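Working notes for the structure below.
Laboratory data are not the source of any read-out in this text; all were calculated from the coordinates shown. Just so we're clear, the structure is a prediction, and the values are computed from it rather than from any experiment. Positions of Cβ are backbone-derived with ideal geometry, glycine not excepted, and every protein chain shown enters the neighbour counts.
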Amino acid sequence: MLLPPHHTRKESFVITLHRALSVAPLIGALVLAPLIGAAPAQAAGDNTRSYTYSSSVAAGKQARSFALDERNGALYVPTDDSKTKTGALTRVSTSTFTVGDTSIPFSSGIDKLTVDPATNTAFVPRARTAADDKSGMQGTLDVVDLGTGSVVKTIAGTPTSVSSMAFYPATRTVYLATSTQVVPVGIDAGTVGAPISVSGAKYPSLTNIVIDPAGGKLWVGDKGSADVITAIDLKTNTWLSAIQIGVGTFEFPGGPIGGYLTSLGIDPVLHHLYVAYDADWMSDDQDGKLVVVDTDTNLILGSPIGLGDTTRGIAVDARSHEVYVTSSADAALRVISPDTWTSKIAVDFVTAGVVRDYGAGSANLWAVAADPTNNAVFVSHPYDGNPISATNSAISKIAVAGALPVVSALAPAPGQDGTAPTKPAEPNPAFTGPKAPALAAAPAGAVETSGNALTWDISDYANEWETHPYGEVAVDRAGLFTFSGGQGWSDPKTGAAQIGWSDAIEYRPYPGLAPDVFLTFANPYLIRQADGSAALSFDVAWGESKTNVSAGFKRVTVATFATLKLEEQSDGTTKISGTPDFAGRVYQAPGEAASPNSFPKSFIDYLTPGLRGWWMTTSASADGNARKVPNPLSGTFTATTTPSTANGPAVDGGEGAGSTPTPEPSTDPSTPPTSPTPEPSTDPSTPPGKPGSITGSVVWGVHDAFRKYILSDIAKGSITGTEGAVADAAGIVTFPLTETTKVPTDSIAFSGTVTYLGHLVGDTWQLRSVLKDPRIEISGTTASIFATYSARSMGGADTPAGAPVLIATADLSGSVLKTDANGSITVTAAPTVLAETGRDLFGGIYPAGTALAPLSLKVTVTPATEPSPEPSPEPSTGPSVPPTSPEPSTGPSTNPSVPPTSPTPGPSTEPSVPPTSPVPSTGPSTPDTRVTVPVSVGKSAVAVGGTVHVTASGFTPDEPVEIWLHSTPVRLAVVNADAQGRIDTVVAIPVGTPAGAHTLMLEGKTARGEIALTVTGDPSAPAATGGAGELSQTGADVAGVLLVGGVLLLLGLGFVLKRRRLAAAE
C-alpha cells in the first residue's frame, strides 16, 4: 500500500534524500513515496502538529509489547496469563481500532513477536520450555500463519530467554538476542545459526536490536560492562567489531549522560539511530536522554535530548520522521520533532484517564508504534486493574494531525573526527622503581633484536582489575598490557633468546573498598632456552594493607613455559606465543592444603598469604578457578644482523625456564612454620567434660540499591524474612545456621527465606524476588554464596525456582576476618559481587561483577570443658606483627629507594573495625577505650517475635552501630547514628529466642552501650527451628570440637579480600 505524496524537503535535506533513493530497494516504496514529487514543504514555524488521545481497548493479560503490520492494517498483541500459564495472540484492527473476535491460543505465555507483512506471518519465541535447561538454547520459535491462525512451523534449539528480536526480510532471518549474544534463525530452512558474540567485554548485557535495511546492519545495544552500541553485518552474520560507539560515556559539553541504555530506534531514511538512556535509579535527576547516531559515519549528532522518567519504547514515524517515546513513570507519550530536535509531552495518560497516577509504582505504559497510514500512534498498558479494564491489559490510540515537520540537519557533536580539538591523551606517569636488569651475556653468534614487544593480561582474574600503566606500557580496553622497546638478543643457530623491558604495570583489584591492595609487575625479562622452554620474570611489589606491604621489589619468576614458540613471519619479524604452565604444578604452603595447579612457587611464596589465592586452584567455585588459569602470552621481535655485545650477569627469577610441572610440596626452610595447633587429648582415662556446641548466622543486605528501591516511595514494597530468616527495618536479613550443621568445613548451610515485593498493581506484585537457604562455600581465597531463588521482574517473565545456584562471591582480608583458637570465625562487612548466574534475582538489570551489599558471618565454636581445673597454656594463633612499611603512594606502589623500616616487635596494629560481638577473645586483647553510653528501651520485657524501641545517644554523627542480642550473640540490626549521634530504631526479637534474661548491646566504633531485656515465651521451644535468635546447640565430643577449631583456623588463615569492581548502580 503506497501512501499519497505529501511534500518535499528543503535543500538541507537533499543529501539525505539522495541517500534514501540510493537504498530504495531495501527500504521499499512505502517509506519513500512521501518524499517524491510532492508539494513544497511548509516553513518550520507553520508546522503545527496535534496529538490527541482517541480511545482504548482491552487486550488480554500482560500485554507489554506488540507488532505493527501497517500493510495489512493490524496490530498483533502477545499476552501472558500467569494464572493459567497460557498465552494468546490478539489482533487489533488499526483502521477501526477494534479487537478481533478470536485470538490465536498458545500453551504458554508469550511476550514478544515480530511479523513479516509480505507473507502475513508472525514469529513467536517460546521461552523457558525446559525446566532443566542449562544450555540456554532449549527454546523454540513458532512460525504462525496470521491468515489461518495456525502454527505452520516450529524451529527448535533457539535461545531459552530472548531479550529482543528483529526480522530481516531480505534474507528471511529472525534475529534473537539474549543478554550475551545474538542468534540468527533461518525461517525457510528452519535452521538455527551459530550464536554471534558482539562484545569483547567480560560481562555483556544486550538490551535491544534493530534492523537497519539501508546500511545492511543489525544494531545492538550493550548496557553491560562495555556500555556501547555495536553492529552485525546482515550479509555475513558477523560482528562488526570496529563499530564501538560509547554513547553513555561520550563527553558532551555538559559531561557524559550516564545511566542505563534502555531502547533503540531506527530511521533508515535519515540514517539515524536513536539511543535512549534512563537515569540511574538512585539519581536525583530521573530524566532520561535520547542520543542520535549517524549510521553512515557512526558519529554522535547534536546534543542529548531530554526524555522523561523510565523509557520503555521508541517508535519512528517513517513519513514525518518524528520519534515517539513512552515515559512510563511520567505516564506520558513524548514526541521529538525533527525540525527542532526537542521533546515535548504529546499525551498525558493520567489526564486522559487511562493511567491512575504518576511514578514508577503506578507506571502502566510500555510499547509504542507509529502508524502513518492511519495518522495514529499506539501504546500499551500491560497491567490490569486500569481504568479501561479491571482484568485485562489495554491498548490506546493517539490521533495525529497537522502539517509534517521540516527536518533540520544535525551536526556532529564536538570532539569527533576532527570536528573539534580533542583532548590529548595524558602520558603515563614515569616509573620510579628499580631499573631493568642488564641484558645477560649473549652466546657467540647471537644477534641483537629490535621491535621487541610483550603482550599479556596474566589471567581472567587480573583482567578484571583496575590497571595503572607506567612509562611506555600500553593497556587496551580488553585489559591486555604491552611492553615495547627494550633490548634483546637471539641465537639463530639454537633458537635461544633473551629480551628485557623497562617500566611497569600495576593492578588495583578493589580500588574502592580496599585501595591499599595492589600488585606491581615491573621490568619483564623473558628467557627462552634452546629446547623451547622459557621463563618470564618481573620485579614484583605487593601490598595488602597500609601496614602489610612488601619491602621493595623482588625479582621472581611469574610464568614458565614448557614450550614457547618462535615463528618467523613473512615480513621478517618473529612471533612469540605460548601458554604458561599451570596444570599439574602443585603448590603447598606449610600447614595448608596442597593446590593441584599453580603459578610458579617462587612467585607465590613471595606474596603475603592473603594474596596467594589468585594464583592457584583452590576449593573455590569452578568459575573462580577457571579465571585463575594463566592466559596465553604473545609478542614480537626482529632479529637484526648486528652481533650482540650483551655481557650482563644472568637474570634469575628463582625458577628454571620451562621446567615441566611436577608435584612440589613446599619445604622451603626460609618459610617460618605456622604456630602449632594444640592436639586434643586422647587419654582414655580422662573423663569427658561438657560437650561443645556450634552456633552461627549470616547477615546480608544482598544489594543496597535494590533494597532502598524496594522500600522507597516509588516501589512501595516490602522485605520479609520467613522460615527462620529475620529482616530488619532496612531489609538486612539474618539467616541462622541450620540445625544439622555440626562440623562446618568449607561449606556452611544457613536456613530461611527472604521475599522482596514491589509495585503492587491490582492484586499482583509486579516485582517479586525470593532468596532461600543460602549456603557459604569457603576456599582459601573465596567465599561463594549459593542459594535457591525465584523472581519476577518489571517487564520480564517469571524465573521459577530451581536448584541452588551461585548468587555472589564474598572476599575477605585483613580485619574483616577474625578467628580464635577454638575455631570460631567472624567475618565483618566483607564485600560481595554479583555472579552471572545470580543476575535474574534482580531481573537481569545488573551485570555480573556488580558490587553487592557487604556480608557478615559468625560461627561460634564453644569448646567442650576439660576436666582439669588448671588451664594449659595455648600457643598463639594470631599472625606475627608485620613490619612497618611505607604507605603506597599514588605512583608505583613500592619504591626501593625508600629503605624499609626494620621490624619492631609490639602489639598488633590491626585497623580498628566495629566489633561483631562483645564476646571476650580467648587471647590477649587491646583495652576497650570506647565510651559507654546509656541505652533505653520502651519496655523491659518483650515476647518472642515482638519488637523493641531502642534509643541511645553519645555516638559520633553517622556512626554505624550494630545492635546485638545476647546471651548467644545474634545481630538484630545495623543502623547509623543521626547528625546528633543518636540512635532511634525498632528491632524485632527473633522467633526461637529462649525465654529469660538477655542483654541488648549496641556496638559502635567510638562508643558502646547495653541494657538488660527479658524475653517472654515458651522456653521449651527448640531454638534451631525458630530463626536467628537462639541458634542451634548441637553436641559434639572433645575431639570433634577441636577438629572444627583446626579446620576453621586453617580456612581463616587463607581468606583474602577480592573485589572486582564497583558497579554503576552503586
Item to check | HN-Hα J in Hz across region 628-645 - Karplus 6.51, -1.76, 1.60, θ = phi - 60°, x for Gly and Pro | outcome: 8, 5, x, 7, x, 10, 9, x, 8, 7, 10, 7, 8, 9, 7, x, 7, 10
Next on the checklist: Can you give me the long-range amide H partners of L972? Hydrogens built in the peptide plane at 1.01 Å from N, cutoff under 5 Å, separation of 5 or more residues or another chain.
Outcome noted: I963, W964, L965
Checklist entry - Can you list the residues, at least 5 places off or on another chain, whose amide H is less than 5 Å from the amide H of S263, using H built in the peptide plane? => result A276
Next on the checklist: Using the Cα centre of region 96-232 as the reference point, and only Cβ charges (+1 on K/R, -1 on D/E), how large is the resulting charge dipole? Debye, rounded to the nearest 20.
Outcome noted: 280
Item to check | Label-point gap, in nm, between N976 and A189 - each point 7 angstrom along Cα→Cβ | outcome: 5.8
Checklist outcome for this item: Taking I395, I266 and counting other beta carbon atoms within 10 angstrom, the fewest-first order is I266, I395
Next on the checklist: Report the Cα centroid-to-centroid distance between region 175-240 and region 81-130 in angstrom, as an integer.
Outcome noted: 24
Item to check | Table column - 3J(HN,Hα) (Hz), region 708-725, Karplus curve with 6.51, -1.76, 1.60, x for Gly and Pro | outcome: 4, 5, 4, 8, 7, 6, 7, 7, 6, x, 8, 10, 10, x, 9, 6, x, 6
